[in-house]
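J.: This structure is in structure tokens; I'll ask about it shortly.
The values are calculated or read from the model by the stated rules, or taken from the named source; none is laboratory data. Computed from a predicted model, the values in this text were never measured in an experiment. With ideal geometry, Cβ positions are generated from the backbone for all residues, glycine too; neighbour counts draw on all protein chains shown.
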Amino acid sequence: MRSPRRKPEDSVDGCRAFAASDRERASTAANVHVRATFERSAQAWSARSSLLERLETSFDARFASLTPRTRKHRATEDRQNGLGTEALEQGGAQAEGEGGEEIKRL
């Protein structure tokens with residue numbers, strides 16, 4: 001479930017790094033308001049990293065529970081339905097309007 005192209009804010013380690021950075025910036029802030037803002041940001045990054053870690057653990061456990069035959073069957077179905085990794089990423093980009101084509105509504 002790990003992707004080398006994942007943005008730092010979408011990974012557990014990235015969120016933890018942002019939280020650590022914000023905690024460090026909070027400790028050196030001279031202004032009380034700025035310090036509080038960085039502390040809240042660090043808490044939010046920590047909560048996000050915990051959520052992503054729980055999700056990743058859940059996904060990994062679910063994948064591990066599949067038999068090799070089920071994994072192969074699902075991968076075959078996905079390819080037949082055009083849902084390979086590239087198709088999913090491309091479909092997501094088009095759904096967000098990044099595909100370069102305008103969606104025409106009837």
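J.: Check the stretch 6-29 and report whether any residue there is basic (K, R) and modelled with pLDDT under 95.
T.: The answer is yes, given that some residue of the stretch 6-29 is basic (K, R) and modelled with pLDDT under 95.
J.: I've got another one for you. Is there a residue in the stretch 63-86 that is surrounded by 14 or more Cβ atoms within 10 Å (Cβ to Cβ), within 24 Å of the chain's Cα centre (by Cα), among the aromatic types (F, W, Y) and modelled with pLDDT of 70 or more?
T.: No, because not a single residue in the stretch 63-86 is surrounded by 14 or more Cβ atoms within 10 Å (Cβ to Cβ), within 24 Å of the chain's Cα centre (by Cα), among the aromatic types (F, W, Y) and modelled with pLDDT of 70 or more.
J.: I need the full set of residues from the stretch 10-52 which are outside any helix (DSSP H, G or I) and more than 24 Å from the chain's Cα centre (by Cα), in order please.
T.: Residues satisfying the conditions are A29, A30, N31.
J.: Residue check: is R105 more than 28 Å from S11 (Cβ to Cβ), at pLDDT 65 or above and either of a type outside the set (S, T, Y) or outside any helix (DSSP H, G or I) (or both)?
T.: No, not satisfied.
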